[in-house]
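Here, each number is a calculation from the coordinates, and none is a lab measurement. Please read these numbers as outputs of a predicted model, since none were measured by experiment. Counting neighbours? That spans all protein chains shown, and the Cβs are built from the backbone with ideal geometry, glycine included.
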2 protein chains.
Amino acid sequence: MAEIAAIAKQFVEFYYPAFDRDRRELTHIYRDMSMMTWEGVQIQGAAGIIEKLASLPFKRVQHKTTTVDAQPSLPGVKAIIVMVTGQLLVDEETKPQQFSQTFHLVEDKGYFVYNDIFRLNYA
Amino acid sequence: MAEIAAIAKQFVEFYYPAFDRDRRELTHIYRDMSMMTWEGVQIQGAAGIIEKLASLPFKRVQHKTTTVDAQPSLPGVKAIIVMVTGQLLVDEETKPQQFSQTFHLVEDKGYFVYNDIFRLNYA
């Protein structure tokens with residue numbers, strides 16, 4: 001489980017800073033078979049996912065992760081389920097919003113995102 | 001995707017009322033290979049998971065789900081990733097706490113929980 005946790009940590013430490021810097025940097029971690037559900041909207045494929053992320057209506061965003069939990073996925077595949085909770089701050093807002101995000105990472109010459117589900121929790 | 005959503009909805013509509021009524025009713029949806037991470041504590045196997053749930057230090061609990069998102073898991077297996085966000089109220093408390101929970105459901109003569117990650121978000 002230590003290796004799983006390390007892979008999850010490494011992924012999260014790449015994902016959110018890249019998201020906050022330039023969402024297009026995330027292109028290579030999605031593939032054509034990748035799925036994203038963003039606030040209930042379903043998108044398939046790297047191109048559509050990045051287009052969605054790039055079109056989100058804020059200029060600046062800052063994620064802060066609170067928890068990162070990871071487990072090995074199904075036996076016989078190198079895959080990991082990661083659930084992240086945290087806060088994000090957009091543009092000039094001063095009150096952070098909470099978010100939850102689940103990733104299913106699959107290994108194939110490096111890990112890519114197979115499943116991605118994102119939700120804001122309006123506290 | 002409609003079938004996936006229906007299975008997720010059916011699972012959630014079973015899981016939380018059963019949890020709130022008697023956590024031991026959840027025994028049959030976990031197996032020996034099931035994993036749970038409960039607020040960072042890792043547990044493997046149906047017996048340990050149910051023991052953990054039954055030992056949680058509240059008498060009454062009421063879950064209210066806010067969002068349920070589901071996606072098909074890896075190709076070639078009948079499996080579903082479900083992320084739930086919601087609120088829960090324990091015992092005499094009047095202020096609900098937010099929670100996030102991710103399930104990886106796998107079909108084998110009915111769906112069972114392979115992965116389960118639970119977190120409270122302290123808003």
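Please get the size of the charge dipole for the protein assembly as shown, origin at its Cα centre, with Cβ charges of +1 on Lys and Arg and -1 on Asp and Glu, quoted in debye to the nearest 20.
On the way: 26 positive and 30 negative charges, 24 e Å.
Using only the charged Cβ atoms, the result is roughly 120 debye.
How much mean residue ellipticity at 222 nm does chain B get from its helices, if each DSSP H run of length 4 or more adds -39500 (n - 2.57) and you divide by all residues, to the nearest 500 deg cm²/dmol? Can you show the working numbers first?
On the way: 2 runs with 29 residues, N = 123.
-7500 deg cm²/dmol, from helical runs alone.
FRET efficiency for residue B:14 and residue A:10, Cβ-Cβ distance as r, R0 = 51 Å, nearest 0.05?
Efficiency computed from Cβ-Cβ geometry: 0.90.
Can you tell me the orientation of helix B:2-21 relative to chain B, as the angle in degrees between its alpha-carbon axis and the longest Cα principal axis, to the nearest 10?
30
Whole-Hz Karplus ³J(HN,Hα) for segment A:66-75, in order, using 6.51 cos²θ - 1.76 cosθ + 1.60 and θ = phi - 60°, x for Gly and Pro?
Values per residue, Gly and Pro as x: 9, 9, 9, 10, 9, 9, x, 7, 3, x Hz.
For the protein assembly as shown, take the convex hull of the Cα atoms, compute a quarter of its surface area, and give me that in nm², please. If you can, show how the numbers build up before the last one.
Working: hull surface 52.3 nm².
Spelled out: convex hull of the Cα atoms, projected over all directions, averaged, 13.1 nm².
What relative contact order, as a whole-number percentage, does segment A:2-121 give when Cα pairs under 8 Å and 6 or more residues apart are counted? Before the final figure, lay out each step's value.
Numbers: 230 pairs, mean separation 29.5, N = 120.
Once divided by the residue count of segment A:2-121, the mean separation gives 25 percent.
Residue by residue through segment A:49-57, which ³J(HN,Hα) values in whole Hz follow from phi under the Karplus form 6.51 cos²θ - 1.76 cosθ + 1.60 (θ = phi - 60°), with glycine and proline marked x?
Result, ordered by residue: 5, 5, 4, 4, 4, 5, 8, 4, x Hz.
May I ask you to order B:80-86, A:55-61 by the average number of other C-beta atoms within 10 Å around their residues, highest value first? Numbers along the way, then the final one.
Working: B:80-86: 24.3, A:55-61: 10.3.
Most protected by this proxy first, the peptides run B:80-86, A:55-61.
In nm, one decimal, shortest first: how far is the label point of residue A:14 (7 Å from Cα along Cα to beta carbon) from the matching points in the other copies?
Label-point distances to the other copies, shortest first: 3.7 nm.
Going 7 Å from the Cα of residue B:41 toward and past its Cβ, which residues in segment B:55-84 have a backbone nitrogen under 13 Å from where you end up?
Zone members listed by number: B:55-58.
Mind scanning A:9/A:109; A:52/A:109; A:78/B:64; B:9/B:109; B:64/B:95; B:9/B:78 and naming the pairs with a C-alpha gap bigger than 23 Å? Present the calculation step by step, with values, prior to reporting the outcome.
On the way: A:9/A:109 18 Å; A:52/A:109 25 Å; A:78/B:64 34 Å; B:9/B:109 18 Å; B:64/B:95 13 Å; B:9/B:78 16 Å.
Pairs exceeding 23 Å: A:52/A:109; A:78/B:64.
How long is segment A:13-85 along each principal axis, judged by its Cα atoms, biggest number first, in Å?
40, 29, 23
Taking a point 7 Å out from Cα toward Cβ as the label site, list the nm distances between residue A:59 and the same residue in every other copy, smallest first.
Residue A:59 label point versus its equivalents elsewhere: 5.6 nm.
Return the long-range amide H neighbours of residue B:121 (sequence gap of 5 or more, or a different chain), with a cut-off of under 5 Å between placed amide H atoms.
B:98, B:99, B:100
So what's the gap between the Cα centers of segment A:57-78 and segment B:39-90, to the nearest angstrom?
17
Can you pull out the chymotrypsin sites (Phe, Trp or Tyr not before Pro) in segment A:65-123 whose DSSP state is coil and whose Cβ has at most 15 other Cβ atoms within 10 Å? Walk me through the numbers on the way to the answer.
Values: sites: A:99, A:103, A:111, A:112, A:114, A:118, A:122; in loops: A:122.
Here the chymotrypsin sites (Phe, Trp or Tyr not before Pro) that fit, given the DSSP loop and packing criteria, are A:122.
Output the antiparallel fraction of DSSP beta bridges having both residues in chain B, as a percent to the nearest 5.
Working: 35 of 40 bridges.
Among the beta bridges of chain B, antiparallel pairing accounts for roughly 90 percent.
Counting Lys and Arg as +1 and Asp and Glu as -1, each charge on the Cβ, what is the dipole of chain B about the Cα centre in debye, to the nearest 20? Mind showing how you got there, number by number?
Values: 13 positive and 15 negative charges, 14 e Å.
Computed charge dipole of chain B: roughly 60 debye.
Mind listing the label-point distances from residue A:93 to the same position on all other copies, shortest first, one decimal in nm, points 7 Å along Cα→Cβ?
Values, ascending and in nm: 2.4.
Which log10 I(q)/I(0) values does chain B give at q = 0.09, 0.14, 0.15, 0.18 Å⁻¹ under the Debye formula, counting every alpha carbon as one identical point scatterer?
-0.23, -0.58, -0.67, -0.97
State the answer as a single residue: which of B:30, B:17, A:61 lies farthest towards the positive end of the charge dipole of the protein assembly as shown, with beta carbon charges of +1 for Lys and Arg and -1 for Asp and Glu, about the Cα centre.
Most positive-ward Cα: A:61.
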